[in-house]
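The values are calculated or read from the model by the stated rules, or taken from the named source; none is laboratory data. The shown structure was predicted, so the numbers you read here are calculated from the model rather than taken from an experiment. All Cβ positions, glycine included, derive from the backbone under ideal geometry; neighbour counts span all protein chains shown. We work out accessible area using only protein heavy atoms, side chains counted, and drop any ligands, DNA or RNA first. Shrake-Rupley method; radii C 1.70, N 1.55, O 1.52, S 1.80 Å.
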Amino acid sequence: MTSLARCVGDTKRFLDHHWGRAPLHRVGADESGFADLFSLDDVDHLVSSTSPRLPAFRLVRDGRPLESSRYTRTARIGGKTVSGVGDPRRVFEEFDGGATIVLQGLQRYWPPLTRFCRSLELELTQAVQANAYVTPARSRGLGVHYDTHDVFVLQLAGRKAWEVYPPVLADPLPSQPWSSDRGAPEEACLSAEVQAGDCLYVPRGFLHSAHAQQDLSAHLTIGVPTQTRHDVAKVIVGDTADADWFRGGLSPGYADDLDTLADDIRELVGRLREWLDTVDADDVAQRMAASFWKARPPMLSGQLHQLLALDKVGDNSVLRRRKGSVCRITAGGDHLRVLLGDRELHMPAALGPVMHRIVAQSSPFPLSALADELDEPSRAVLVRRLVREGLLEIVTLG
């Protein structure tokens with residue numbers, strides 16, 4: 001099951017009727033309360049035993065961040081003094097007094113969420129982030145607000161009462177954060193008591209608030225900072241830097257002569273219209289797609305053992321493509337460009353068939369399965385390189 005299906009069930013119905021349009025409360029999305037992704041024991045471990053540092057965590061009470069000096073300290077690491085280190089005793093004291101513990105950017109260092117978020121990224125081709133919120137009984141973390149990204153709420157423990165309201169600003173951009181002067185919430189379009197194992201989807205721009213009930217509440221927020229048409233427009237307009245005319249400066253004294261400035265702007269708009277007629281949409285599309293793929297680095301869990309086993313790889317060794325790995329192959333004359341997330345390999349064009357075959361493998365395969373494409377030394381060299389780069393992993397040695 002994909003990460004998206006695990007959250008919303010019928011993915012086609014969700015994308016057709018809810019994505020970016022309407023909230024969704026899916027009861028009983030996971031009977032275990034998503035325990036394989038994150039749990040209260042994991043929260044306890046991170047706070048008490050790993051010395052988290054700002055901004056990887058923070059505390060919030062009644063909708064307002066607490067002053068970090070109340071729950072952090074300085075420490076010496078590697079002979080250097082570092083600040084903003086969590087003080088477990090004080091963190092738990094503030095929690096006991098009603099503060100919400102917020103753990104941020106979990107997708108960067110918590111392997112189950114790294115895998116879950118990568119799966120969601122590849123399905124949506126959008127960046128994904130994961131935070132955890134642990135709220136004491138009868139308390140609240142953040143007040144009424146909207147996010148400038150879509151959110152999947154995965155309830156881990158306890159229950160929380162949610163109110164979701166129609167947007168006061170449709171599809172807000174990151175530069176348009178919530179401000180109370182945009183208007184007060186209307187009547188809620190969704191009211192739900194979200195229990196452990198439930199999923200709640202809130203599109204960006206929809207106002208929302210939540211309160212813990214009689215017991216502690218813990219949930220994950222899986223945020224999706226959506227790429228927008230505004231992002232595409234910025235790429236297109238940014239290309240004007242390559243044209244001499246657009247790099248010209250405004251006339252001296254422009255701020256004191258608004259008529260002349262307005263004339264300059266009218267000329268700019270006219271030239272921009274002419275420029276837009278020359279835009280190569282296919283080229284922009286390729287660059288937008290490449291910017292997504294290049295930001296998906298290999299997930300290298302277990303790589304130390306993989307590297308130690310490389311010299312023992314033989315024809316009877318079994319390999320598989322790493323889950324969440326990225327590989328985009330482009331032919332270019334006498335060579336291949338192989339994009340592996342944050343790195344690009346250049347290979348002889350003759351390796352095209354075997355590379356496409358490896359990338360298409362959905363199950364483990366022995367190295368000998370490539371015998372009709374490459375001789376034994378060549379196929380061993382190739383797969384060892386792909387293990388080093390994080391596309392393949394060794395399942396068993398032979």
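Could you tell me whether Ala127 is aliphatic (A, V, I, L, M), at pLDDT 95 or above, part of a loop (DSSP other than H, G, I, E, B) and under 30 Å from Gly324 (Cβ atoms)?
Yes: the conditions hold for Ala127.
Please find, among Ala210, Ala188, the residue that is within 17 Å of Asp147 (Cβ to Cβ), in contact with an Asp or Glu (Cβ under 8 Å, 6 or more places away or on another chain) and without any contact (Cβ under 8 Å) to a residue 60 or more places away in the chain.
Ala188
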Check your understanding: Is there a residue in the range 143-159 that is open to solvent by 10 Å² or more (accessible area, probe 1.4 Å), of a type in the set (A, V, I, L, M, F, W, C) and not in a strand (DSSP E or B)?
Key -> yes
Check your understanding: Of all residues in the range 85-125, which are surrounded by fewer than 16 Cβ atoms within 10 Å (Cβ to Cβ), closer than 17 Å to Leu4 by Cα and touching a Ser or Thr at 6+ places or on another chain (Cβ under 6 Å)?
Key -> Glu123
Point to revise | Residues located in the range 160-191, provided they are assigned to a strand (DSSP E or B) and of a type in the set (Lys, Arg) | key: Lys160
Review point. Quick one: would you say Asp264 is open to solvent by 40 Å² or more (accessible area, probe 1.4 Å), of a type outside the set (Lys, Arg) and in a helix (DSSP H, G or I)?
Key: yes
**Study point:** Residues being of a type in the set (D, E, K, R) and either free of Cβ contacts under 8 Å to residues at least 12 places away in the same chain or closer than 17 Å to Leu113 by Cα (or both) - total across the range 34-59
**Key:** 4
